[in-house]
1. Within the range 79-87, is there a residue that is basic (Lys, Arg), away from the ligand (no atom under 16 Å from the Cβ), in contact with a Phe, Trp or Tyr (Cβ under 6 Å, 6 or more places away or on another chain) and in contact (Cβ under 8 Å) with a residue 24 or more places away in the chain?
2. Any residue at all in the range 164-174 that's of a type outside the set (Phe, Trp, Tyr) and over 15 Å from the mean Cα position of the chain (by Cα)?
3. Which residue is nearest to the chain's Cα centre (by Cα), if the candidates are limited to the range 154-163 and must be in contact (Cβ under 8 Å) with a residue 40 or more places away in the chain and part of a helix (DSSP H, G or I)?
4. Which one of Ile117, Ile76, Ile63 is surrounded by 15 or more Cβ atoms within 10 Å (Cβ to Cβ), more than 15 Å from the chain's Cα centre (by Cα) and away from the ligand (no atom under 14 Å from the Cβ)?
5. Inspect all residues belonging to the range 20-34 and state whether any of them is modelled with pLDDT under 90, touching a Gly at 6+ places or on another chain (Cβ under 6 Å), within 16 Å of the ligand (Cβ to nearest atom) and over 24 Å from Asn201 (Cα atoms).
6. Whether any residue in the range 167-177 is more than 14 Å from the ligand (Cβ to nearest atom) and either in contact with a His (Cβ under 8 Å, 6 or more places away or on another chain) or closer than 30 Å to Asp84 by Cβ (or both) is what I want to check.
7. From Tyr114, Tyr139, Tyr99, grab the single residue that is at pLDDT 95 or above and among the hydroxyl-bearing types (Ser, Thr, Tyr).
8. Could you say whether any residue in the range 114-123 is closer than 16 Å to Ser168 by Cα, in contact with a strand residue (DSSP E or B) (Cβ under 9 Å, 6 or more places away or on another chain), of a type in the set (Phe, Trp, Tyr) and in contact (Cβ under 8 Å) with a residue 40 or more places away in the chain?
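The values are calculated or read from the model by the stated rules, or taken from the named source; none is laboratory data. Note that the structure is a prediction, hence the values are computed from the model and not measured. When we count neighbours, we look across all protein chains shown, and the Cβ atoms used for this are built from the backbone with ideal geometry, even at glycine.
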Amino acid sequence: MDIKNISIIGFHGFKDKGLYFLGNKVDRNEFIDFLWLIKESGYNFYTDIDILNNKINSKGVIIFFDDAEESLNFLITSNSIPKDFKGILFVIGNYIGEYFLWDVIGKKRKSLDYETIKEFISRGYSIGSHSLTHKPLSYLEYSQLEKELKDSKYILEKKFNVDVISFSPPFGVIDKFSLNIAKNYYRFIFSINSNLGIRDNNLLIANTGIIFDNKYTLYYKILKKNRLINFFNSLNEKLYLQFSKGSVLLKRFGLL
Ligand SMILES: [Zn+2]
């Protein structure tokens, strides 16, 4: 089965109910419905490790979660999740169990803790690196960039006793220079940003990210068939990324 037949979709966090036009939270129950819809349509759930081990033998999806935030807990505590569901957790090396300090004040997101991540692994999830400190890669000096890419991999491998073969850049943004270094350490690079404009064999760009979805719009994204949804999604994605970058710049200037 060709890897091109695999759909890749990226998420951040989840919440109960609310409006999702801006922000990166997806409704938990919609997500669960979505998992059942794709399962009932004959798709399997895969991870990057399955690609490496040639285990992809049917149509399928790889679902990945940037930041591995605490709101993912329901994926292992809820009885409604399909038993064979698994995905990739992109963990930030220095933030396991910690609050995300780069977030705008008041958001208070936190990473899953060590024990919970272990539980995810025992259920077939794989672990990827989402850098060491979640700094935007293109602002870093070479030595710092190397650390973010390399040390995060080794810290995660040592802590969790797993192979870390994939990297997802903070904010979904990676430039060519960083990408070339990342390729020394990783087999695959995932990004929530579908507008990177870089073509590379290691680069697996999400069909789409985040936001304002229900199970049907998510399903259409997997099928890549609904142009209207794709249009709104790319608009939304740009707004979202703009929003993220803004909070980083404020931090850089010492305002947050
Ligand atoms: Zn992130």
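1. Within the range 79-87, one or more residues are basic (Lys, Arg), away from the ligand (no atom under 16 Å from the Cβ), in contact with a Phe, Trp or Tyr (Cβ under 6 Å, 6 or more places away or on another chain) and in contact (Cβ under 8 Å) with a residue 24 or more places away in the chain.
2. Restricting attention to the range 164-174, the residues satisfying the condition of being of a type outside the set (Phe, Trp, Tyr) are 164-166, 168-170, 172-174.
Add one more test, that the residue is over 15 Å from the mean Cα position of the chain (by Cα), and what stays is none.
No; the residues of the range 164-174 include none that is of a type outside the set (Phe, Trp, Tyr) and over 15 Å from the mean Cα position of the chain (by Cα).
3. Leu156
4. On inspection, the qualifying residue turns out to be Ile76.
5. Yes, the range 20-34 has at least one match.
6. No, that holds for no residue.
7. Residue meeting the stated conditions: Tyr114.
8. For the range 114-123, residues closer than 16 Å to Ser168 by Cα, in contact with a strand residue (DSSP E or B) (Cβ under 9 Å, 6 or more places away or on another chain), of a type in the set (Phe, Trp, Tyr) and in contact (Cβ under 8 Å) with a residue 40 or more places away in the chain: absent.
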